[in-house]
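Engineer: Have a look at the structure that comes next, please.
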Amino acid sequence: MIKIALNVTISLYFLVWLFIFSTGGGTYSDSNKESIEQSIRYYHSIRDDLNLIVNYVNEFKADKALFPSESELIGWVEANQQIENYVKNFHIEFFLGDYPSHVVDELGFPDENSYVISLWTGDQHLYYASWLELNSADVSVEEFGIARSNSGIHVLFSLLLLLVLNLYIRKTEKSMPNKRINSDSL
């Protein structure tokens with residue numbers, strides 16, 4: 001009974017991943033390639049604008065030996081022709097202390113003279129954390145779904161499980177011959 005249950009479970013696991021792999025579900029397939037590439041271009045545009053803002057902050061600090069105020073930073077963003085209009089419409093915050101909890105929770109607490117630039121897009125926070133030089137708008141294809149290689153690994157893993165299970169069951173069946181209970185010995 002256990003043999004049948006294990007074979008059925010592993011076979012179902014194999015078939016599900018084989019289906020996902022063959023149909024491109026949850027992967028970087030042709031059907032959603034254009035949408036993913038459009039999203040990546042959007043994030044990279046924000047990344048580039050956020051890098052311009054970071055350069056401004058760093059140059060301001062180098063020239064004046066202090067950081068700009070949040071209002072100076074926002075004024076510079078609004079006046080800069082290189083910054084996309086939709087980025088100008090984001091809610092921009094500049095933190096020199098009392099950092100956003102979502103950033104500290106993810107990256108740990110910063111060292112001295114660190115800062116965070118946060119952009120609220122209306123549905124998510126994108127940010128730059130100076131102590132790690134991390135721009136959260138720098139995304140890749142892998143961050144938009146399961147890669148085909150991951151699905152392929154699941155298919156191969158389930159095949160390997162089926163093979164090992166069948167070899168184990170055959171070995172145990174050979175080492176344990178069927179014992180018949182003799183009614184006379186009872």
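The values are calculated or read from the model by the stated rules, or taken from the named source; none is laboratory data. Keep in mind the model is a prediction, meaning the values are calculated, not measured. Here the Cβ is made from the backbone with ideal geometry for all residues, glycine too, and neighbour counts use every protein chain on show. Side chains included, ligands, DNA and RNA excluded: accessible areas come from the protein's heavy atoms. Shrake-Rupley method; radii C 1.70, N 1.55, O 1.52, S 1.80 Å.
Engineer: Inspect all residues belonging to region 65-74 and state whether any of them is part of a loop (DSSP other than H, G, I, E, B), free of Cβ contacts under 8 Å to residues at least 60 places away in the same chain and surrounded by 13 or more Cβ atoms within 10 Å (Cβ to Cβ). It would help to see each step written out before you state the result.
Structural biologist: We begin by selecting, within region 65-74, every residue part of a loop (DSSP other than H, G, I, E, B); these are 65-69.
From the residues that got through so far, the ones that are free of Cβ contacts under 8 Å to residues at least 60 places away in the same chain too are 65-69.
Then drop every residue that is not surrounded by 13 or more Cβ atoms within 10 Å (Cβ to Cβ), which leaves 67-68.
Yes: region 65-74 contains one or more residues that are part of a loop (DSSP other than H, G, I, E, B), free of Cβ contacts under 8 Å to residues at least 60 places away in the same chain and surrounded by 13 or more Cβ atoms within 10 Å (Cβ to Cβ).
Listed here are the residues, each with its yes/no results for (1) over 17 Å from the mean Cα position of the chain (by Cα); (2) closer than 30 Å to ASP49 by Cβ; (3) modelled with pLDDT of 60 or more.
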site: VAL139; (1), (2), (3): no, yes, yes
site: PHE144; (1), (2), (3): no, yes, yes
site: ALA147; (1), (2), (3): no, yes, no
site: LEU156; (1), (2), (3): yes, no, yes
site: LEU167; (1), (2), (3): yes, no, yes
site: ARG180; (1), (2), (3): yes, no, no
site: ASP184; (1), (2), (3): yes, no, no
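Engineer: On the given criteria, is HIS91 open to solvent by 80 Å² or more (accessible area, probe 1.4 Å), modelled with pLDDT of 70 or more, closer than 18 Å to TYR127 by Cβ and not polar (S, T, N, Q)?
Structural biologist: yes
Engineer: Out of GLU84, GLU78, I need the residue that is modelled with pLDDT of 85 or more, open to solvent by 20 Å² or more (accessible area, probe 1.4 Å) and within 26 Å of the chain's Cα centre (by Cα). Which one? Show your work before the answer.
Structural biologist: Values: GLU78 fails: within 26 Å of the chain's Cα centre (by Cα).
Exactly one residue qualifies, and that residue is GLU84.
Engineer: Then there's this: Where the second residue is at pLDDT 85 or above and hydrophobic (A, V, I, L, M, F, W, C) and the first is farther than 23 Å from SER71 by Cβ and in a helix (DSSP H, G or I) and lies in region 82-111, which pairs have Cβ atoms under 8 Å and are six or more apart or on separate chains?
Structural biologist: LEU107/ALA129; LEU107/TRP131; LEU107/LEU132; LEU107/LEU134
Here's the yes/no breakdown for (1) touching a helix residue (DSSP H, G or I) at 6+ places or on another chain (Cβ under 8 Å); (2) of a type in the set (D, E, K, R); (3) open to solvent by 20 Å² or more (accessible area, probe 1.4 Å):
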position	(1), (2), (3)
LEU96	no, no, yes
SER101	no, no, yes
GLU106	no, yes, yes
TYR115	yes, no, no
LEU119	yes, no, no
GLU133	no, yes, yes
